[in-house]
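To keep things clear, I will list the structure first and then write my remarks on it.
The values are calculated or read from the model by the stated rules, or taken from the named source; none is laboratory data. All of these numbers come straight from a predicted model, not from anything done at the bench. Neighbour counts are summed over all protein chains in view; Cβ atoms, including those assigned to glycine, are modelled from backbone coordinates with ideal geometry. The accessibility values were calculated without ligands, DNA or RNA, using every heavy atom of the protein model including side chains. Shrake-Rupley method; radii C 1.70, N 1.55, O 1.52, S 1.80 Å.
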Amino acid sequence: MLDALFFRRWLSAAADAVDREAERLTELDSPIGDADHGSNLRRGFRAVAAVLEKEAPDTPGAVLMLAGRQLISTVGGASGPLYGTLLRRTGKELGDAPEVDTARFAQALRTGVDAVAALGGAAPGDKTMLDALVPGIDALDDSLGSFGAAREAALDGALATTPLQARKGRASYLGERSIGHQDPGATSSALLFAALADAADGIGGSREGSRG
Ligand code: ADP
Ligand code: MG
């Protein structure tokens, strides 16, 4: 079962990963954006880690909703409201359950990803974060809860954005010139799935293999 501590561990691992990869995320955002994705997310996830440490919410839903609100209030770029919505919507879906199983979390995360698509008006193939989020959540479902499988699928999805032409966000202003560059938001989404797998490893492995 996944409790509040697991979700705090996930977001703390995400903050570390974003911190480590911030320069690269900003570099990816320079040819097809405004070179701020890494600094945006670094500021946002540092604030998330700080508020979670201070308030230590005791249910998964409260952890995710607090983190989402923090991202929305600290990140100026498009990615702040989008990631904030992802976490808030997922958290809301989990209600006040003290712990949730992987299937319930996957279902809630799917709702969160759908909310990102609704807010941004984007679909997979538009060269956005959805190109990693959707394959990640699909793999989590297909594998019956393997966070390792979700991590691989999200990373593959991010890498597969390179040949795509952007149809949403700043990169879409470039038209065909957006082709040939990996999307920064899909890249950071892959980091979030990697952090999830790290957090699951921290509690003795994800459910990989446990369902035969
Ligand atoms: P901004 O574009 O405002 O500078 P960021 O640089 O922080 O914001 O984030 C850019 C990323 O946000 C893009 O790489 C893309 O993945 C994602 N993004 C932008 N617009 C949308 C949208 N409408 N739907 C989904 N994701 C989007
Ligand atoms: Mg940007």
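Using a 1.4 Å probe on the protein heavy atoms, what percent of the accessible area of the chain belongs to carbon and sulfur?
Working: 4600 of 9190 Å².
Of the solvent-accessible surface of the chain, carbon and sulfur hold 50 percent.
Rounded, prolate or oblate: which one fits the chain, using the alpha carbon gyration tensor with axes a ≥ b ≥ c (rounded when a/c is under 1.5, else prolate when a/b beats b/c, else oblate)? Spell out each step's value before the answer.
Numbers: a/c = 1.80, a/b = 1.39, b/c = 1.29.
Taking the square roots of the gyration eigenvalues as a ≥ b ≥ c, the chain is prolate.
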So which helices of the chain fit the span-like rule, where a helix is a whole DSSP H run, its Cα atoms reach 20 Å or more along the axis, and its mean Kyte-Doolittle is at least -0.5?
4-28, 37-55, 60-74, 79-94, 102-120, 184-201
Give the distance, in whole Å, between the Cα centre of the range 128-142 and the Cα centre of the range 4-45.
18
Pick out which of 154, 17, 103 has the largest mean-square fluctuation in a Gaussian network model of the chain, springs linking Cα atoms closer than 10 Å.
103
Taking 20 °C and 1.002 mPa s as the conditions, I'd like the Stokes-Einstein D for the range 130-175 in µm²/s, using the Kirkwood hydrodynamic radius from alpha carbon pairs.
192
Cα-Cα separations in the range 41-149 greater than 25 Å, expressed as whole percent:
20
Work through the residues other than residue 120 whose Cβ is under 14 Å from its Cβ and net out their charges, Lys, Arg +1 and Asp, Glu -1.
+1
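Calculated from DSSP H runs of 4 or more alone, at -39500 (n - 2.57) each and per residue, what is the 222 nm mean residue ellipticity of the chain, nearest 500?
-22000 deg cm²/dmol
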Using 0.36 nm per residue of separation minus the Cα-Cα distance, give me the extension gain between residue 24 and residue 99 in nm, one decimal.
23.5 nm
Lysines whose Cα lies under 22 Å from that of residue 168, excluding same-chain neighbours fewer than 8 positions away
127
Spin-label point model (7 Å from Cα, Cβ direction): what's the residue 46 to residue 58 distance in nm?
3.1
Between residue 176 and residue 162, the two model label points (7 Å from Cα along the beta-carbon direction) sit apart by a distance in nm of 2.1
